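The values are calculated or read from the model by the stated rules, or taken from the named source; none is laboratory data. Just so we're clear, the structure is a prediction, and the values are computed from it rather than from any experiment. Counting neighbours? That spans all protein chains shown, and the Cβs are built from the backbone with ideal geometry, glycine included.
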Ligand code: NAP
């Protein structure tokens, strides 16, 4: 493990299970104070207890990231109560609901995966950036979880079922994303694609944050693909047969399987380790896990890196979250 830069205070979204919970442990083990952001802080505390994470290093705040009002209230509480600036922010929480027949809506009327995975956390980043700017930590970082299935430069991003991630001409964003619109491109609802599109927005957001703000703030903005965490609760809404077969398939056939603990450790590295101090990088350890395999900068598809798409997606998202 590379030497840490100096422990600070990090906010992590979605720590009741999976990657976020294990990243909380890995950062607490490095001496960081972790603020968790979850819709149920009591469950977040119980999950942290289950890994014996010292409670003195934790505080748990209520955020329903699908609800823009809850995001605003949570950010206000955080800034008023923490008593020091944040040094890092990890955008991790997500929902994946591939079996929805009709779109589920957030309190503001947006399709639920775009609302939770992108819009709510896009707002959160903007509300917390001034706080991160006040930090005197030598390497302030915003780390966003991306995924292989939203990057068509990689094999996993080319899978046409139900469709590859693609925001199209952003017709759904431009029309206000309210019902009956449920997709970024304004086309008929495909729940699996809605998840991929929201993760594409996560990776585009990272690139655009880097382009717009790294130079003026010095904050390091990175995304990562932690590997295929095939047994995480992310797949709780997938068919039961898939939940049984997918981890076996990733362990024995593709070699892509990564444990929740290893994924959490990778997030902690991107937050805290000196080897990850370049900004604008999409970090990956590859699709096939190799013994002792090292991180590398994974090239992103044009859909994720095109500055024109990114600027348009940013501007439309600013309107949808009430910042423009
Ligand atoms: P997970 O175990 O299902 O964790 C998701 C977390 O998000 C949970 O703590 C969940 O809390 C929280 N969350 C969901 N909706 C929320 C809301 N409205 N407000 C606040 N928190 C909410 O899934 P995971 O596999 O660890 O996924 C974590 C991240 O890794 C995601 O961004 C995912 O896209 C990314 N990722 C995962 C994989 C993988 O193979 N699993 C691969 C690549 C990237 P509740 O308990 O309240 O639902």
Take the residues of the stretch 214-236 that are within 7 Å of the ligand (Cβ to nearest atom) and in a strand (DSSP E or B): which is surrounded by the most Cβ atoms within 10 Å (Cβ to Cβ)?
225
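For the stretch 8-17, indicate whether the set of residues that are over 19 Å from residue 145 (Cβ atoms) and either at pLDDT 95 or above or part of a helix (DSSP H, G or I) (or both) is non-empty. Step through it out loud before you land on a result.
Filtering the stretch 8-17 down to residues over 19 Å from residue 145 (Cβ atoms) leaves 8-9.
Add one more test, that the residue is either at pLDDT 95 or above or part of a helix (DSSP H, G or I) (or both), and what stays is 8-9.
Scanning the stretch 8-17 turns up at least one residue that is over 19 Å from residue 145 (Cβ atoms) and either at pLDDT 95 or above or part of a helix (DSSP H, G or I) (or both).
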Any residue in the stretch 192-213 that is surrounded by fewer than 17 Cβ atoms within 10 Å (Cβ to Cβ), touching a residue at least 60 places away in the same chain (Cβ under 8 Å) and within 16 Å of the ligand (Cβ to nearest atom)?
no
So which of 241, 263, 275, 268 is part of a helix (DSSP H, G or I) and within 12 Å of the ligand (Cβ to nearest atom)?
263
Residue tally, condition modelled with pLDDT of 95 or more and out of contact with any helix residue (DSSP H, G or I) (no Cβ under 6 Å at 6 or more places or on another chain), over the stretch 253-268:
4
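Yes/no matrix, rows are residues, columns are (1) more than 22 Å from the chain's Cα centre (by Cα); (2) within 18 Å of residue 118 (Cβ to Cβ); (3) crowded, with 23+ Cβ neighbours inside 10 Å:
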{"residue": "136", "(1), (2), (3)": "yes, no, no"}
{"residue": "150", "(1), (2), (3)": "no, yes, yes"}
{"residue": "154", "(1), (2), (3)": "no, no, no"}
{"residue": "177", "(1), (2), (3)": "no, yes, yes"}
{"residue": "180", "(1), (2), (3)": "yes, no, no"}
Residue in the stretch 289-297 that is touching a strand residue (DSSP E or B) at 6+ places or on another chain (Cβ under 9 Å), surrounded by 16 or more Cβ atoms within 10 Å (Cβ to Cβ) and closer than 18 Å to residue 147 by Cα present
yes
Failed condition for residue 308, given (1) under 19 Å from the mean Cα position of the chain (by Cα); (2) away from the ligand (no atom under 16 Å from the Cβ); (3) not in a loop (DSSP other than H, G, I, E, B), with all others met?
(1)
Of everything in the stretch 255-275 that's free of Cβ contacts under 8 Å to residues at least 60 places away in the same chain and crowded, with 21+ Cβ neighbours inside 10 Å, which residue is farthest from residue 30 (Cα to Cα)?
257
Any idea which residue in the stretch 147-174 is farthest from the ligand (Cβ to nearest atom), counting only those that are over 19 Å from residue 94 (Cβ atoms) and in a loop (DSSP other than H, G, I, E, B)?
169
Pair list, Cβ under 7 Å, 6 or more apart: the stretch 159-180 residue free of Cβ contacts under 8 Å to residues at least 12 places away in the same chain, other residue not in a loop (DSSP other than H, G, I, E, B):
159/149
